[in-house]
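Asker: Pasting a structure here, questions to come.
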Amino acid sequence: MVGTLQKSGYHRVLLDAKVSGELELDCDRCGVVYTSPSEYALKLTLSDMVSEDKDDLDIIEFLDGVIDLTYILESEINALRGNYHYCSQCNNSDEDFEIEY
């Protein structure tokens, strides 16, 4: 992750970053583990106050005054892994798939 932190108010900091790398994923169809390149922009507002705006999901609260960039990056990785992913073989296949474990 490469980016900047910029103060945007008394209790707010803007995180403007570019996340890039390879992510190890499990195919949700066949179970094979594969790596996938990932590159995207990450823009978040960080606050050391409790946010009253429940509609803005891009605000992360750090009530102890310390911005933990490792926590933010780990949360982003877990969110990406939580989506459905298919390996290249399953993504290009329209046939029915059944496997017993």
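Asker: Suppose every Lys and Arg Cβ carries +1 and every Asp and Glu Cβ carries -1, with no other charges. What dipole size does the chain come out with about its Cα centre, to the nearest 20 debye? If you can, show how the numbers build up before the last one.
Answerer: Details: 7 positive and 22 negative charges, 117 e Å.
Here the chain has a charge dipole of around 560 debye.
Asker: While we're looking at this one, here's another question. Per DSSP H run of at least 4 residues, take -39500 (n - 2.57); add these up for the chain, divide by its residues and hand me the 222 nm value, nearest 500 deg cm²/dmol.
Answerer: Details: 2 runs with 17 residues, N = 101.
Helices in the chain give a 222 nm mean residue ellipticity of -4500 deg cm²/dmol.
Asker: Describe numerically, in nm with one decimal, the distance between label points set 7 Å from Cα along Cα→Cβ at Leu14 and at Glu95.
Answerer: Reported label-point gap for Leu14 and Glu95 is 5.2 nm.
Asker: Oh, and also: Could you tell me the ratio Rg/Rh of the chain? Both radii from Cα atoms, Rh via Kirkwood.
Answerer: On the way: Rg = 18.1 Å, Rh = 16.1 Å.
On the Cα set of the chain, Rg over Rh gives 1.12.
Asker: Hey, can you find the accessible area per residue of the chain for me, probe 1.4 Å, expressed in square angstrom? Working shown, then result.
Answerer: Details: 7800 Å² over 101 residues.
Per-residue value: 77 Å².
Asker: So if we plug the beta-carbon distance of Thr35 and Asp64 into 1/(1 + (r/R0)^6) with R0 = 41 Å, what FRET efficiency do we get, rounded to 0.05? Walk me through the intermediate numbers first.
Answerer: Numbers: r = 35 Å, r/R0 = 0.85.
It comes to 0.75.
Asker: Given an 8 Å cut-off on Cα distances and at least 6 residues of separation, report the relative contact order of the chain as a percent. Walk me through the numbers on the way to the answer.
Answerer: Numbers: 138 pairs, mean separation 23.9, N = 101.
About 24 percent, as a whole number.
Asker: Would you mind telling me the share, in percent, of accessible area of the chain contributed by carbon and sulfur at probe 1.4 angstrom?
Answerer: On the way: 3690 of 7800 Å².
After summing per-atom areas, the C and S share lands at 47 percent.
Asker: From the residues Cys30, Asn78, Gly9, which one has its Cα farthest along the dipole of the chain in the positive direction, the dipole being from +1 and -1 charges on Cβ of Lys/Arg and Asp/Glu about the Cα centre?
Answerer: Gly9
Asker: Got a sec to turn the phi values of segment 13-30 into Karplus ³J(HN,Hα) couplings, 6.51 cos²θ - 1.76 cosθ + 1.60 with θ = phi - 60°, whole Hz, x for Gly and Pro?
Answerer: 9, 9, 9, 10, 9, 10, 9, 8, x, 10, 10, 7, 10, 9, 5, 6, 9, 10
Asker: What number results when the radius of gyration of segment 9-52, computed over Cα atoms, is divided by 2.2 N^0.38 Å? Present the calculation step by step, with values, prior to reporting the outcome.
Answerer: Numbers: Rg = 16.7 Å, N = 44, 2.2 N^0.38 = 9.3 Å.
Here the answer is 1.81, to two decimals.
Asker: Against the longest alpha carbon principal axis of the chain, how many degrees, from 0 to 90 and to the nearest 10, is the axis of helix 69-81 turned?
Answerer: Orientation of helix 69-81: about 30 degrees from the principal axis.
The values are calculated or read from the model by the stated rules, or taken from the named source; none is laboratory data. Since the structure is predicted, the reported quantities are computational estimates derived from the model, not experimental observations. With ideal geometry, Cβ positions are generated from the backbone for all residues, glycine too; neighbour counts draw on all protein chains shown. These accessible areas exclude ligands, DNA and RNA; they are computed on the full protein's heavy atoms, side chains included. Shrake-Rupley method; radii C 1.70, N 1.55, O 1.52, S 1.80 Å.
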